[in-house]
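Notes for the one structure printed next.
The values are calculated or read from the model by the stated rules, or taken from the named source; none is laboratory data. Keep in mind that this is a model prediction, so the values were computed, not measured. When we count neighbours, we look across all protein chains shown, and the Cβ atoms used for this are built from the backbone with ideal geometry, even at glycine.
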Amino acid sequence: MENRDKRPLDPRTKRAQKLLADCVAAAETLLDHQATVGDLKMVRSVLREMASGFCMFAPYGDRRKATVFGSARCGPDDPNYQLAVEFGRTIADAGFMVISGGGPGIMKACLEGAGRPNSFAVGIHLPFEQEVNDVIAGDAKVTLFRYFFTRKLFFVKEAEAIVLFPGGFGTQDEGFETLTLVQTGKAQPMPIVALEAPGGNYWKTWKRYVLNDLHAKGMISDSDLSLFKVVKNVEHAVAEITGFYRVYHSSRWVRDRMVFRLNRELSGEWLARLNREFGDILVKGEFTQRKAFRSERDDPDAWHLPRLAFYFNRREFGRLRELIDLINQA
């Protein structure tokens, strides 16, 4: 699982200088391997885009964020547009900021609901649909990308929740890629919620495909179905997102142990239950509670939180999500 420490790194430290030197050395190897001018231009563009994204999000590292995906082609009269406005407003009231692609349709609606101060636009240069919507245009929290892969990096890296509204190829791509990243541990565990206006069957049809053509044929496991939720309304969507962080706070690797930071300590009874019901995801040992590891001093904001440490098998990320769900019931 990737380390998503969002604290800025002091450029004067030896660690920062070493990491920067490694970046320069990696770039220099391109010439040794006969990189073309086109290759070097791409690397330059990617680095510039990533730097722009890092700089934009850096001042807001202490705020949780929800990324919203959905169709650019639905107008203000569409029930899903109106639902996205309601979602943006409600999740912002719950303390979250909202990230969207910054274009029209669902992208605009969710920012309209959240309001400009709580909104980010992560746009893309296209021959069409490339204008940033008027809700967020001109704001410092807007950046445009040339490449989809760098854009999608920030959609997921900066999010603590993913919300899917009905959409086309792009929405399907973004939804399945997020599921893949969480399923394989390349992204942190997070709620992935599918939502649509009453009377629609978009996600019902999608889930039937997932069950009948992926799950029933053994292409995904039972626990993989725990990685997403199809919900009925905005209230359920927001409850799913905020409830995910009720007891669970965040996670990281400390050497070969998975460490959950918790908002409060678990009782001995609950700890025994975790060991009884989730021992199958451990390669050795048990779930144990402890204080922060010394190596976690780079994240002082979470230093005071209790830890749940365990030797995770690094395979069953659907079961890991089920573990978090149980912890949040404590």
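Pairing each residue of region 233-244 that is in the same structural domain as LYS204 (by TED's automatic domain parsing) with any residue that is among the basic types (Lys, Arg) and modelled with pLDDT of 95 or more, provided the two are 6+ apart or on different chains, yields C-beta distances under 8 Å for GLU240/LYS229. Within region 149-182, being among the charged types (D, E, K, R) and either touching an Asp or Glu at 6+ places or on another chain (Cβ under 6 Å) or assigned to a helix (DSSP H, G or I) (or both) holds for ARG151, LYS152, LYS157, ASP173, GLU174, GLU177. Tell me, yes or no, whether region 67-74 has at least one residue that is touching a Cys at 6+ places or on another chain (Cβ under 6 Å) and buried (at least 23 other Cβ atoms within 10 Å of the Cβ). Yes, region 67-74 contains a residue that is touching a Cys at 6+ places or on another chain (Cβ under 6 Å) and buried (at least 23 other Cβ atoms within 10 Å of the Cβ). The single condition among (1) part of a loop (DSSP other than H, G, I, E, B); (2) surrounded by 14 or more Cβ atoms within 10 Å (Cβ to Cβ); (3) at pLDDT below 95 that GLU296 does not satisfy is (1).
Residues in region 204-239 that are among the hydrophobic types (A, V, I, L, M, F, W, C) and either part of a loop (DSSP other than H, G, I, E, B) or within 13 Å of PHE165 (Cα to Cα) (or both): TRP206, ALA216, MET219, ILE220, PHE228, VAL230, VAL231, VAL234, ALA237. Does MET107 count as within 17 Å of PHE145 (Cβ to Cβ), surrounded by fewer than 19 Cβ atoms within 10 Å (Cβ to Cβ) and either touching a Gly at 6+ places or on another chain (Cβ under 6 Å) or not hydroxyl-bearing (Ser, Thr, Tyr) (or both)? It is false that MET107 is within 17 Å of PHE145 (Cβ to Cβ), surrounded by fewer than 19 Cβ atoms within 10 Å (Cβ to Cβ) and either touching a Gly at 6+ places or on another chain (Cβ under 6 Å) or not hydroxyl-bearing (Ser, Thr, Tyr) (or both).
In the set GLU240, GLU235, GLU265, GLU277, only one residue is at pLDDT 95 or above, in contact with a Pro (Cβ under 6 Å, 6 or more places away or on another chain) and surrounded by fewer than 17 Cβ atoms within 10 Å (Cβ to Cβ); that residue is GLU265.
Look at (1) farther than 25 Å from ILE162 by Cα; (2) surrounded by 15 or more Cβ atoms within 10 Å (Cβ to Cβ) and you find that LEU40 fails only one, number (2). Candidates are the residues of region 113-132 that are modelled with pLDDT of 95 or more and buried (at least 21 other Cβ atoms within 10 Å of the Cβ); the one that is farthest from ALA72 (Cα to Cα) is ASN118.
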